[in-house]
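Written out below as structure tokens is the structure these notes cover.
The values are calculated or read from the model by the stated rules, or taken from the named source; none is laboratory data. The shown structure was predicted, so the numbers you read here are calculated from the model rather than taken from an experiment. Neighbour counts run over all protein chains shown; Cβ positions are idealised from the backbone, glycine included.
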Amino acid sequence: MDLRSVQRPLKERYRQDPSSSRITLTARGGESDAPIACSIDLGRAIYNAQAHAGVGGEGTGACSGDLLLGALAACAQITCQMVAGAMGIPTESIAVTVEGDLDLKGTLGISKEVPVGFESLRLNFDIRAPQATDEQVQALQAKTEQYCVVMQTLLHPPKIESQWMRR
């Protein structure tokens with residue numbers, strides 16, 4: 001796939017009409033029969049999610065933390081592949097693994113000293129690129145981290161607004 005030719009008309013349109021590059025993604029959560037599970041509608045697919053076994057869920061489906069890590073892994077993976085292709089860096093394989101550590105005492109309200117949420121995240125990139133130079137791999141790392149939307153969002157959190165509608 002020639003990524004440059006695919007992206008060329010998009011980049012031209014965004015330069016000519018800067019407002020056309022602005023998008024809004026939407027995800028909707030919906031109730032299920034049990035308070036420990038829900039469905040997430042992304043507009044193109046519906047995913048089932050549930051509370052982690054460590055907070056009372058069954059442990060048979062993805063929890064919200066899994067989905068967050070999955071979003072980071074997917075974004076990092078695709079960004080790295082696209083950057084390698086755009087830069088002409090020869091790779092045989094790229095694989096990304098994301099790990100996150102959290103203490104469930106915070107989530108369960110057992111300890112006010114323990115934060116709710118992930119304490120640390122680790123992205124591990126396994127790049128097989130025997131024909132690439134060290135400089136190319138360093139550039140691949142820099143550009144991947146620069147353009148990974150989910151990574152940049154976590155590093156520079158956006159303003160979050162919460163609205164409640166009572167009916």
_Leading residue by the ranking (nearest to Asp66 (Cα to Cα)) among those in the range 95-121 that are β-branched (Val, Ile, Thr) and surrounded by fewer than 15 Cβ atoms within 10 Å (Cβ to Cβ)_ = Thr97
*Taking only pairs six or more apart or across chains, which ones have beta-carbon atoms under 7 Å, a first residue in the range 1-29 that is without any contact (Cβ under 8 Å) to a residue 60 or more places away in the chain, and a second residue that is surrounded by fewer than 10 Cβ atoms within 10 Å (Cβ to Cβ)?*
Thr26/Gly43
*asked:* If I filter the range 117-147 down to residues being of a type in the set (A, V, I, L, M, F, W, C) and assigned to a helix (DSSP H, G or I), which single residue comes out as nearest to Ile78 (Cα to Cα)?
replied: Leu140
*Confirm whether Val150 is part of a helix (DSSP H, G or I), in contact (Cβ under 8 Å) with a residue 12 or more places away in the chain and surrounded by 15 or more Cβ atoms within 10 Å (Cβ to Cβ).*
yes
_Contact list please: Cβ distance under 8 Å, first residue in the range 122-133 and closer than 15 Å to Ala95 by Cα and touching a residue at least 24 places away in the same chain (Cβ under 8 Å), second residue polar (S, T, N, Q) and in a strand (DSSP E or B), pairs at least six apart or on different chains._
Leu123/Thr97; Asn124/Thr97; Asp126/Ser93; Asp126/Thr97; Ile127/Ser93; Arg128/Ser93
*Which is touching a Leu at 6+ places or on another chain (Cβ under 8 Å) and not assigned by TED's automatic domain parsing to the domain that holds Gly29, of Gly117, Gly106?*
Gly117
*Go through the range 1-116 and tell me which helices (runs of 4 or more DSSP H), entirely inside it, have 2 or more residues that are under 20 Å from Cys148 (Cα atoms).*
3-16, 64-87
